[in-house]
1. For the chain, just the Cα set please: Rg and Dmax, both in angstrom.
2. Filter the trypsin sites (Lys or Arg not before Pro) in segment 262-300 to those in DSSP coil with at most 12 other Cβ atoms within 10 Å of their Cβ, and list the result.
3. For every helix of n ≥ 4 consecutive DSSP H residues, a contribution of -39,500 (n - 2.57) applies; sum these over the chain, divide by its total residues, and give [θ] at 222 nm rounded to the nearest 500 deg cm²/dmol.
4. Can you list the lysines whose alpha carbon is less than 22 Å from that of residue 370, not counting same-chain residues fewer than 8 positions off?
5. Kindly express, to the nearest 10 degrees and within the range 0 to 90, the angle between helix 130-152's C-alpha long axis and the longest C-alpha principal axis of the chain.
6. Using the per-residue mean of other Cβ atoms lying within 10 Å as a proxy for protection, in what order, highest first, do the peptides 72-83, 318-329 fall?
7. When Lys and Arg each count +1 and Asp and Glu each count -1, what net charge do the other residues less than 12 Å away from residue 195, Cβ to Cβ, add up to?
8. Taking a cut-off of 28 Å between Cα atoms, list the lysines near residue 102, but don't count ones fewer than 8 places away on the same chain.
Amino acid sequence: MDTVSRTKVIDLLKREDYGSRVNVKGWVRTRRGSKQVSFIALNDGSTINNVQVVVDLAKFEDELLKDITTGACLSVDGILTESVGSGQKVEVQAEKIEILGKCDNTYPLQKKGHSMEFLREVAHLRPRTNTFGAIFRIRHNMAMAIHTFFHEHGFFYFHTPLITASDCEGAGQMFQVTTLDLKNVKRNEDGSVDYSDDFFGKPASLTVSGQLEGELAATALGAIYTFGPTFRAENSNTPRHLAEFWMIEPEVAFYDINDDMDLAEEFIKYCVRWALEKCADDVKFLNDMFDKSLIERLEGVLKEKFVRLKYTDGVKILEDAVKAGHKFEFPVFWGMDLASEHERFLVEDHFKCPVIMTDYPKEIKAFYMKQNEDGKTVRAMDVLFPKIGEIIGGSEREADYDKLKQRIEELHIPMKDMWWYLDTRKFGTCPHSGFGLGFERLLLFVTGMSNIRDVIPFPRTPKNAEF
Ligand code: 4AD
Ligand code: MG
């Protein structure tokens with residue numbers, strides 16, 4: 001038989017030229033059948049759907065047939081035929097089968113229905129399951145949606161450094177980067193570490209956010225976004241926190257907080273719409289298998305205009321709920337940082353719609369946010385989503401040199417590290433705003449997964465850096 005070039009399963013399933021010779025390659029998901037015939041569900045990752053390969057056992061050697069096991073990798077040449085029973089329009093009648101990779105019965109993904117916890121332990125193999133195939137195709141698609149959105153809106157993709165000497169969020173959650181020999185650390189007279197021999201000649205860390213450098217770019221290029229990994233050594237073992245996660249940070253000159261909120265809402269709706277339209281098969285699979293209200297929730301977000309609510313008014317609603325008998329784990333009072341139970345109460349129980357909360361107390365927000373006239377609050381905005389809580393955090397930035405400098409001093413942020421940032425306010429300062437979207441939080445929302453460890457290929461969490 002002449003060799004024909006490979007067709008991906010996604011394309012094969014759309015073909016109607018029955019009788020043609022085709023080649024398909026992929027991994028065996030299941031094999032079933034009788035003494036005469038085997039039906040192999042073959043998947044190559046291009047789609048959630050498998051192609052059915054029909055094998056007339058009389059035509060093949062037993063030696064070969066015994067190696068067609070779950071997980072084995074095959075190349076199949078055969079005839080494309082109209083299918084009656086496979087649930088697809090087409091199937092392949094095998095004429096030649098080559099085993100590219102055998103797979104013995106120690107393969108951990110033998111049967112279906114493994115727990116998500118178990119699959120995390122085999123994160124190197126879990127992309128071969130239906131669920132993780134769907135999740136990682138959606139992850140790719142969301143990245144494409146994000147770049148497309150910003151490109152179409154005239155934003156420039158700007159690359160900010162991953163190694164930095166400044167702590168953007170000022171939360172002291174940075175992973176240190178060093179080439180010093182930790183067994184033999186040189187010290188200054190006062191006992192502090194002597195960094196002069198370290199790679200950068202001073203302490204350096206992995207970035208928690210590209211925002212500060214993003215602001216430099218926005219005050220030159222007008223509108224930029226970053227999209228890259230960020231690192232936080234926060235010891236929070238929750239279903240919503242990773243030590244290494246991806247963040248998208250647009251930053252726009254001449255935007256005030258209202259423009260910033262409009263952008264956030266339009267952007268996130270664009271991504272959700274993209275998932276519904278361009279990942280329909282995968283989203284439907286996750287909806288049917290995991291979360292029957294996923295599609296409804298995604299569509300729900302598109303319908304409504306997000307509620308805009310001041311922090312002070314939000315706290316009042318929560319206090320009223322407490323008075324009415326609602327029990328929260330954490331206390332509610334003006335000045336508190338909202339826990340995700342509070343955020344979710346507002347979104348899921350009270351408004352039943354995404355909420356953009358603004359004007360938080362300055363004590364619980366970062367130094368760079370624009371200060372309100374009241375002296376107590378800052379022009380921050382967080383987008384709160386059903387099932388997730390905070391999905392976006394952003395603000396209008398303090399554009400006034402003196403106010404910003406004063407806040408930096410109040411918070412004892414080392415000024416010598418901040419000179420370049422303050423220069424933006426010294427040389428042609430302008431109002432500007434931006435926000436950060438946690439990529440994995442967006443993925444939690446569009447996939448309906450309940451643990452952030454399941455929407456990134458290789459999660460990094462406290463005490464876990466396997467693979
Ligand atoms: O609210 P955050 O800390 O804001 C910033 O980093 C700003 N510099 C953004 C900006 O204004 N340019 O983080 C932004 C978002 C959060 O809303 C959340 O979605 C996500 O990043 N995030 C995390 N996602 C996963 N794991 C973590 N540990 C996260 N910390 C924040
Ligand atoms: Mg935040």
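1. Gyration radius and largest Cα-Cα distance of the chain: 26.9, 85 Å.
2. Details: sites: 269, 273, 278, 284, 292, 297; in loops: 292.
Listed in order of number, the matching sites are 292.
3. Working: 13 runs with 135 residues, N = 467.
Rounded to the nearest 500, it is -8500 deg cm²/dmol.
4. In chain and number order, the partners are 310, 362, 403, 405, 416, 426.
5. Between the helix axis and the principal axis of the chain, the angle is about 50 degrees.
6. On the way: 72-83: 18.0, 318-329: 11.8.
Top to bottom by mean Cβ count within 10 Å: 72-83, 318-329.
7. Details: positive: 186, 187, 202; negative: 194, 197, 198.
Result for the local shell: 0.
8. The qualifying lysines are 8, 25, 35, 59, 66, 111, 112.
The values are calculated or read from the model by the stated rules, or taken from the named source; none is laboratory data. Bear in mind the structure is a predicted one, so any value in this text is a computation, not a measurement. Note that each Cβ is placed from the backbone with ideal geometry, even for glycine, and that neighbours are counted across all protein chains shown. Heavy atoms of the whole protein, side chains included, go into the accessibility calculation; ligands, DNA and RNA do not. Shrake-Rupley method; radii C 1.70, N 1.55, O 1.52, S 1.80 Å.
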